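Asker: Quick one: structure below, then a few questions.
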Amino acid sequence: MATADPTFYRSAAEAAAAPPEQLAYVVAFDRSGELPDALTVIDVDPASSEYGRVVGWADLPTRGDELHHFGWNACSSALKHKGHDTDGLARRYLLLPGLRSSNVHVYDTGPDPRSPQLVRTIEARELANMAGYSRPHTLHCGPDGIFLSCLGGADGADGPGGIALLDHSTFDVLRAWETDRGPQYLAYDAWWHLNQNTLITSEWGTPSMIEGGVDPELLLGQKYGHSLHFWDLAEGRHVQSIDLGAQHQMVLELRPSHDPEATWGFVGVVVSTEDLSASVWRWHRDGDAWAAEKVISIPAEPADADLLPPALQPFGAVPPLITDINLAVDDSLLYVSCWGTGELKQFDVTDPAHPREAGSVRLGGIVGRVPHPATPGERLAGGPQMVEVSRDGRRVYLSNSLYGAWDDQFYPHGVGAWMARIDANPGGGMAIDERFFPHEDDFRGLRVHQVRLQGGDASSDSYCYR
């Protein structure tokens, strides 16, 4: 019998105590679609002579994919079902969905972690035929398969979006996960409370609503997603919706508590049409149902209209634009990316109902263009966007691109490409690592998006035991 993968951690504490990551995997895409997108490998070992450098590169065999979110085939949630941890299943393969192409490329990191090898391409037609979906966006390794959230429907249908279930060993598309989808039409993220038999989903928009950038008419008409949905995880059945209010546009990243017995989590909202603020909401059990309330509000920052892109000039302000959040594995600190203002905020959430700001750093930003300490004379475009936290909570990795068309809309003079590391104090406080700054030519002209860490990270695992 095969032994369990050592990166399948029974608990969050076990994950935090495991050896630190030596490599980070980062997806990079060509906005023009003329060059292949790539899976890059970054050395993140501070003792290495190649620290902060790109040490591996795998070009996709296709063009125009626009890699966005990606993830592992298997992780700690495999321990939820007896036998899955010892049947040869391992955290070995990275699945890379193409948000524009609807292809999913599968790379093997097993033989040489610095040289991932393509082993399969799941074509758009298979995803459409077997699950009825297109435009794959986010995936999570689940206890009995890979959950792949998709924004669009099959055969050119703009929606509804939903979840495709994939086999985590063969990568076959098995079916649509939902058996009773209820009222949800718009899709984005999906994650769960395993021990509560509950899956949560959030809302962004259909492909036509997002692929050309933010549509002002849709935004001001409050047509983007503004609800949370709760499902029976075992049955794929919709149970409850919570409307956060139509003014709270684009309900995106879900971050449930890592404690398997806890019944709360956080979700970020990109913008309010009332005042351009952004917000973070907490969901939690309320008797037999679920409830949600706003626990963090971040205001827009006034700015000279001449310094703003055309889309923002009428407002005379920079919206924070919360585009990602991340919860430390011990559930103590929440990180909030304000891509518009160029700020990463750190909140103490030991009392999740009453977050307290504990730290802040700035890089880039629509107006500020704050430089990195490694290149103090170079004003940065983009801002903290995708944020990933190490298992021990001491390192935070940032990348700066959101989505091609949205990059161009908010940073019309170019968004560039960069990645940063932030050193985090578990008790609160952050500092930018001056040695770590892969950027621009390091990524061969491609833009960088999500980061995954070798051995797992704060947003890739669900733990089954305390």
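The values are calculated or read from the model by the stated rules, or taken from the named source; none is laboratory data. Only a predicted model underlies this, so the values are computations on that prediction, with no experimental measurement involved. Here the Cβ positions follow ideal geometry from the backbone for every residue, glycine too, while neighbour counts run over all protein chains shown.
Asker: Before we move on, is ASP45 among the charged types (D, E, K, R), closer than 17 Å to VAL106 by Cβ and either modelled with pLDDT under 95 or in a loop (DSSP other than H, G, I, E, B) (or both)?
Answerer: no
Asker: Restricting to the stretch 439-458, what's the tally of residues that are in a loop (DSSP other than H, G, I, E, B) and among the charged types (D, E, K, R)? Full working, then the answer.
Answerer: Applying the first criterion (in a loop (DSSP other than H, G, I, E, B)) to the stretch 439-458 yields 444-446, 454-458.
Those still in the list that are among the charged types (D, E, K, R) too: 444, 457.
Adding up the residues that qualify gives 2.
Asker: Right, another one. Any residue at all in the stretch 249-262 that's under 21 Å from the mean Cα position of the chain (by Cα), surrounded by 16 or more Cβ atoms within 10 Å (Cβ to Cβ), of a type outside the set (Asp, Glu) and over 30 Å from LEU67 (Cα atoms)? Give the steps one after another, and end with the answer.
Answerer: Initial filter on the stretch 249-262 (under 21 Å from the mean Cα position of the chain (by Cα)): 249-260.
Okay, now just the ones that are also surrounded by 16 or more Cβ atoms within 10 Å (Cβ to Cβ), so 249-260.
Applying the additional criterion that residues be of a type outside the set (Asp, Glu) yields 249-252, 254-258, 260.
From what's left, over 30 Å from LEU67 (Cα atoms): 260.
The answer is yes, given that some residue of the stretch 249-262 is under 21 Å from the mean Cα position of the chain (by Cα), surrounded by 16 or more Cβ atoms within 10 Å (Cβ to Cβ), of a type outside the set (Asp, Glu) and over 30 Å from LEU67 (Cα atoms).
Asker: Just one of ARG53, ARG91 is basic (Lys, Arg) and in contact with a Phe, Trp or Tyr (Cβ under 8 Å, 6 or more places away or on another chain); which is it?
Answerer: Working: ARG53 fails: in contact with a Phe, Trp or Tyr (Cβ under 8 Å, 6 or more places away or on another chain).
Being basic (Lys, Arg) and in contact with a Phe, Trp or Tyr (Cβ under 8 Å, 6 or more places away or on another chain) holds for just one of ARG53, ARG91, which is ARG91.
Asker: Take the stretch 142-162 and flag every residue that is within 16 Å of LEU233 (Cβ to Cβ), within 19 Å of the chain's Cα centre (by Cα) and in contact (Cβ under 8 Å) with a residue 40 or more places away in the chain.
Answerer: Of everything in the stretch 142-162, those that are within 16 Å of LEU233 (Cβ to Cβ), within 19 Å of the chain's Cα centre (by Cα) and in contact (Cβ under 8 Å) with a residue 40 or more places away in the chain turn out to be GLY142, ILE146, PHE147, LEU148, SER149.
Asker: Also, I was wondering about something else. Would you tally the residues in the stretch 95-121 being of a type in the set (A, V, I, L, M) and either over 24 Å from TYR403 (Cα atoms) or surrounded by fewer than 21 Cβ atoms within 10 Å (Cβ to Cβ) (or both)? Spell out the reasoning first.
Answerer: First, pick out the residues of the stretch 95-121 that are of a type in the set (A, V, I, L, M): 95-96, 99, 104, 106, 118-119.
Next, from what is left, pick out any that are either over 24 Å from TYR403 (Cα atoms) or surrounded by fewer than 21 Cβ atoms within 10 Å (Cβ to Cβ) (or both): 106, 118-119.
So the count comes out to 3.
Asker: Here's a follow-up. Here are some conditions: (1) assigned to a loop (DSSP other than H, G, I, E, B); (2) of a type outside the set (Val, Ile, Thr); (3) under 23 Å from PRO310 (Cα atoms). ASP461 meets all but one. Which one does it not meet?
Answerer: (3)
Asker: Taking ASP441, is it free of Cβ contacts under 8 Å to residues at least 24 places away in the same chain and closer than 30 Å to PRO310 by Cα? Working first, answer last.
Answerer: Details: free of Cβ contacts under 8 Å to residues at least 24 places away in the same chain: yes; closer than 30 Å to PRO310 by Cα: yes.
In short, yes.
Asker: Another question, if that's okay. Check every one of the strands (runs of 3 or more DSSP E) wholly within the stretch 90-185 and list those with 1 or more residues that are within 28 Å of PRO6 (Cα to Cα), at pLDDT 95 or above and aromatic (Phe, Trp, Tyr). First the steps, then the outcome.
Answerer: Working: elements: 93-97, 104-108, 117-122, 133-142, 145-153, 162-166, 173-176.
Fully inside the stretch 90-185 and qualifying: 93-97, 104-108, 145-153.
Asker: Let me ask something additional. Identify the single condition in (1) within 13 Å of PHE266 (Cβ to Cβ); (2) part of a strand (DSSP E or B); (3) touching a Lys or Arg at 6+ places or on another chain (Cβ under 9 Å); (4) not polar (S, T, N, Q) that GLY359 does not satisfy, given that it satisfies every other one.
Answerer: The single condition GLY359 does not satisfy is (1).
Asker: When you go through GLY245, GLY225 one by one, which is the residue that is part of a loop (DSSP other than H, G, I, E, B), surrounded by fewer than 23 Cβ atoms within 10 Å (Cβ to Cβ) and either free of Cβ contacts under 8 Å to residues at least 40 places away in the same chain or among the acidic types (Asp, Glu) (or both)?
Answerer: Values: GLY225 fails: surrounded by fewer than 23 Cβ atoms within 10 Å (Cβ to Cβ).
Being part of a loop (DSSP other than H, G, I, E, B), surrounded by fewer than 23 Cβ atoms within 10 Å (Cβ to Cβ) and either free of Cβ contacts under 8 Å to residues at least 40 places away in the same chain or among the acidic types (Asp, Glu) (or both) holds for just one of GLY245, GLY225, which is GLY245.
Asker: Checking the condition out of contact with any Cys (no Cβ under 8 Å at 6 or more places or on another chain), free of Cβ contacts under 8 Å to residues at least 60 places away in the same chain, of a type in the set (A, V, I, L, M, F, W, C) and surrounded by fewer than 18 Cβ atoms within 10 Å (Cβ to Cβ), which residue from ALA128, ALA124, ALA47 passes? Working first, answer last.
Answerer: On the way: ALA128 fails: surrounded by fewer than 18 Cβ atoms within 10 Å (Cβ to Cβ); ALA124 fails: surrounded by fewer than 18 Cβ atoms within 10 Å (Cβ to Cβ).
Of ALA128, ALA124, ALA47, the one residue that is out of contact with any Cys (no Cβ under 8 Å at 6 or more places or on another chain), free of Cβ contacts under 8 Å to residues at least 60 places away in the same chain, of a type in the set (A, V, I, L, M, F, W, C) and surrounded by fewer than 18 Cβ atoms within 10 Å (Cβ to Cβ) is ALA47.
Asker: Tell me yes or no: at least one residue of the stretch 323-337 is part of a loop (DSSP other than H, G, I, E, B), touching a helix residue (DSSP H, G or I) at 6+ places or on another chain (Cβ under 8 Å) and hydroxyl-bearing (Ser, Thr, Tyr).
Answerer: no
Asker: For the list (1) among the aliphatic types (A, V, I, L, M); (2) out of contact with any helix residue (DSSP H, G or I) (no Cβ under 6 Å at 6 or more places or on another chain); (3) more than 27 Å from ASP461 (Cβ to Cβ); (4) buried (at least 16 other Cβ atoms within 10 Å of the Cβ), I need the number of the one condition that ALA157 fails.
Answerer: The one condition ALA157 does not meet is (4).
Asker: Are any residues in the stretch 338-356 assigned to a strand (DSSP E or B) and either crowded, with 19+ Cβ neighbours inside 10 Å or at pLDDT below 95 (or both), and if so, which ones? Break it down into steps so the answer makes sense when it comes.
Answerer: Step one: of the stretch 338-356, the residues assigned to a strand (DSSP E or B) are 338, 343-348, 356.
Those that are assigned to a strand (DSSP E or B) and either crowded, with 19+ Cβ neighbours inside 10 Å or at pLDDT below 95 (or both): CYS338, GLU343, LEU344, LYS345, GLN346, PHE347.
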